[in-house]
Amino acid sequence: MKWLRLGLQISGALSLLLLLIAAILLGSDLYSGMSDKFNKATPEETLFILNWGGIPTNQNLKVIESYQSRRSFTGDHVDYYCIQLAKLDIANIQKNEWHDGPEENPVLAQALELALNSAPDSKCLPSAERANSKVMKMKFVSVTLNDRFPTAADIILYDTENSRLYYVSFKT
């Protein structure tokens, strides 16, 4: 009996030690996968945005500004990209997924406002008012709701006046 009790105490202590190590690793930058990245995105790293929007990737583009936040344990983040495009040519198959602003659906308009207001200070991103105006073409790639309140979104905007493509993604 004495040996059984001692064995259980040792295995319990080891289990607590392993649990503590796992908790430390989960809370560290090792688990989050990255730290915040300011203006580090290359044009090649932004091609997914063009692909999602049905925009040709074989054109000259310049990443003016970018931000990728670290991911939390639950995936919470805020990312944005500001890209200067040579032209906006939307593939026929995706033309019906884009529409001219302003957004009339109040839930989508709220998602757009939350996305832009969640982004850290940017010299390139439009204000929420400009983003939801007639100068923008927009595509809501995805919006996640919790009781009709946006908690995550991936949004692509195109400013027709200055040929800039914006991508904003957030999850709270």
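The numbers here are math on the coordinates, done by the rules we state, and not lab data. It should be emphasised that the depicted structure is a prediction, and the values quoted were computed from it without experimental measurement. Here Cβ is always computed from backbone atoms with ideal geometry, including for glycine, and neighbour counts include all displayed protein chains.
Scanning the stretch 113-129 for residues that are assigned to a helix (DSSP H, G or I) and in contact (Cβ under 8 Å) with a residue 12 or more places away in the chain returns Glu113, Leu114, Ala115, Leu116, Ser118, Ala128.
Have a look at Gln94, Gln110 and point out the one that is closer than 23 Å to Asn58 by Cβ, free of Cβ contacts under 8 Å to residues at least 60 places away in the same chain and either in contact with a strand residue (DSSP E or B) (Cβ under 9 Å, 6 or more places away or on another chain) or surrounded by fewer than 18 Cβ atoms within 10 Å (Cβ to Cβ) (or both).
Gln94 is the lone residue from the list that is closer than 23 Å to Asn58 by Cβ, free of Cβ contacts under 8 Å to residues at least 60 places away in the same chain and either in contact with a strand residue (DSSP E or B) (Cβ under 9 Å, 6 or more places away or on another chain) or surrounded by fewer than 18 Cβ atoms within 10 Å (Cβ to Cβ) (or both).
Comparison of Glu44, Glu65 shows that the only residue that is among the charged types (D, E, K, R) and touching a residue at least 24 places away in the same chain (Cβ under 8 Å) is Glu65. Among the numbered conditions (1) touching a strand residue (DSSP E or B) at 6+ places or on another chain (Cβ under 9 Å); (2) without any contact (Cβ under 8 Å) to a residue 24 or more places away in the chain; (3) polar (S, T, N, Q), the only one that Asn58 does not meet is (1).
Results for (1) surrounded by 19 or more Cβ atoms within 10 Å (Cβ to Cβ); (2) in a loop (DSSP other than H, G, I, E, B); (3) of a type in the set (A, V, I, L, M, F, W, C); (4) more than 20 Å from the chain's Cα centre (by Cα), shown as yes or no for each residue.
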residue: Arg70; (1), (2), (3), (4): no, yes, no, no
residue: Gly75; (1), (2), (3), (4): no, yes, no, no
residue: Ser133; (1), (2), (3), (4): no, yes, no, yes
residue: Met138; (1), (2), (3), (4): yes, no, yes, no
residue: Pro150; (1), (2), (3), (4): yes, no, no, no
residue: Glu161; (1), (2), (3), (4): no, yes, no, yes
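Scanning the stretch 121-131 for residues that are exposed (fewer than 15 other Cβ atoms within 10 Å of the Cβ) and of a type in the set (S, T, N, Q) yields one hit, Ser127.
Within the stretch 113-120, the presence of a residue that is surrounded by fewer than 17 Cβ atoms within 10 Å (Cβ to Cβ) and either of a type in the set (Val, Ile, Thr) or in contact with a Lys or Arg (Cβ under 9 Å, 6 or more places away or on another chain) (or both) is excluded.
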